[in-house]
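The values are calculated or read from the model by the stated rules, or taken from the named source; none is laboratory data. These numbers come from a predicted model, not from an experiment. A quick note on method: Cβ atoms are made from the backbone with ideal geometry, for glycine too, and the neighbour counts reach across all protein chains shown.
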Amino acid sequence: MSKYMELKAQIEAMQQQLERVRLEELDEQVADIKQKIIAFGITPDMLFAAEAGEPSRSRKDKTMPPKFSDGNGNTWAGKGPQPQWVREALASGKTLDDLRIKA
């Protein structure tokens, strides 16, 4: 076998190994990303913003006043996924009404 063919076979073998390793690590990476999305209440809008360098929040989100607070500085406008602190408060027995900011 020529040197060229040997190297080509090695490259193909390495590419197959690379793909196997990528697939093995993919599930772990996806699980980690999902956990962070849930923990931080990340929305697709935040991930795929049109403007680079600016946090991805829609104009509507920027102007919406918070409706819920935990009294420790965490607030939520009530739109989009519930932040981690809201889910934890609900799991501990509180209700959304308990967290509602009274005007």
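With the checklist (1) modelled with pLDDT under 90; (2) touching a strand residue (DSSP E or B) at 6+ places or on another chain (Cβ under 6 Å) in hand, flag the one item residue 54 doesn't pass.
Status for residue 54: all satisfied but (2).
Find the residue count for segment 62-90, including only residues that are buried (at least 16 other Cβ atoms within 10 Å of the Cβ) and assigned to a helix (DSSP H, G or I).
Of the residues in segment 62-90, 3 are buried (at least 16 other Cβ atoms within 10 Å of the Cβ) and assigned to a helix (DSSP H, G or I).
Between a residue in segment 35-55 that is more than 17 Å from residue 75 (Cα to Cα) and any residue that is at pLDDT below 85, which pairs come within a Cβ distance under 6 Å, given they are 6 or more apart or on different chains?
Note: pairs meeting the criteria are 45/56; 45/58; 46/56; 49/56.
Between a first residue in segment 69-87 that is at pLDDT below 90 and a second residue that is part of a loop (DSSP other than H, G, I, E, B) and among the polar types (S, T, N, Q), which pairs have beta carbons less than 6 Å apart while being 6 or more apart in sequence or on different chains?
80/43
Can you confirm whether residue 25 is of a type outside the set (A, V, I, L, M, F, W, C) and modelled with pLDDT of 90 or more?
Details: of a type outside the set (A, V, I, L, M, F, W, C): yes; modelled with pLDDT of 90 or more: yes.
Judged against the criteria, residue 25 is a match.
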